[in-house]
Amino acid sequence: MAKRHEDSDTGITNGKFVDRIKTSFDIANGLSYITIYNRISTWKKGNKIHFFRIHGEPYVRIDQNKVNQDYLEDILKVESLAIPEPEEATPEQIARLEQQIAKLESKI
């Protein structure tokens with residue numbers, strides 16, 4: 001995972017997390033990626049990110065070595081994002097929603 005920022009007319013965006021599949025797809029479709037480093041009040045441009053495949057598996061690197069490993073220099077590596085499972089509604093919540101729906105339907 002990496003955090004993708006966009007360079008807009010108003011500056012660098014906060015960014016969104018994207019995986020290497022999305023990054024590879026974007027690069028293959030003409031979007032440019034570079035590494036950037038946040039400084040105190042500015043951003044420092046890093047290296048251009050290249051994409052290639054080995055046996056169908058995508059890899060992203062800042063160098064031209066075509067080995068089966070990603071390489072983005074000293075960019076922090078995020079293994080995965082913890083996405084919480086959605087909670088199920090309690091019987092009380094369901095009853096309350098059903099009452100609200102019935103009330104709305106009675107007004108129609």
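Extension gain, Val67-Lys45: 0.36 nm per intervening residue step, less the Cα-Cα distance, totals 5.5 nm. Within a straight-line Cα-Cα reach of under 22 Å, Lys48 can be paired with the following lysines, leaving aside sequence neighbours fewer than 8 residues apart in one chain: Lys3, Lys16, Lys22, Lys66, Lys77. Loop-resident trypsin sites (Lys or Arg not before Pro) (DSSP state other than H, G, I, E or B) in the range 8-52 with no more than 10 further Cβ atoms inside 10 Å of their Cβ: Arg39. Matching the structure-derived semi-axes √(5λ) of the Cα gyration tensor in Å against the labelled list [x] 27, 19, 14; [y] 35, 13, 10; [z] 43, 20, 14 gives the label [z].
Laboratory data are not the source of any read-out in this text; all were calculated from the coordinates shown. These figures come from a predicted structure and were not determined experimentally. For neighbour counting, all protein chains shown are included, and Cβ atoms are generated from backbone atoms with ideal geometry for every residue, glycine included.
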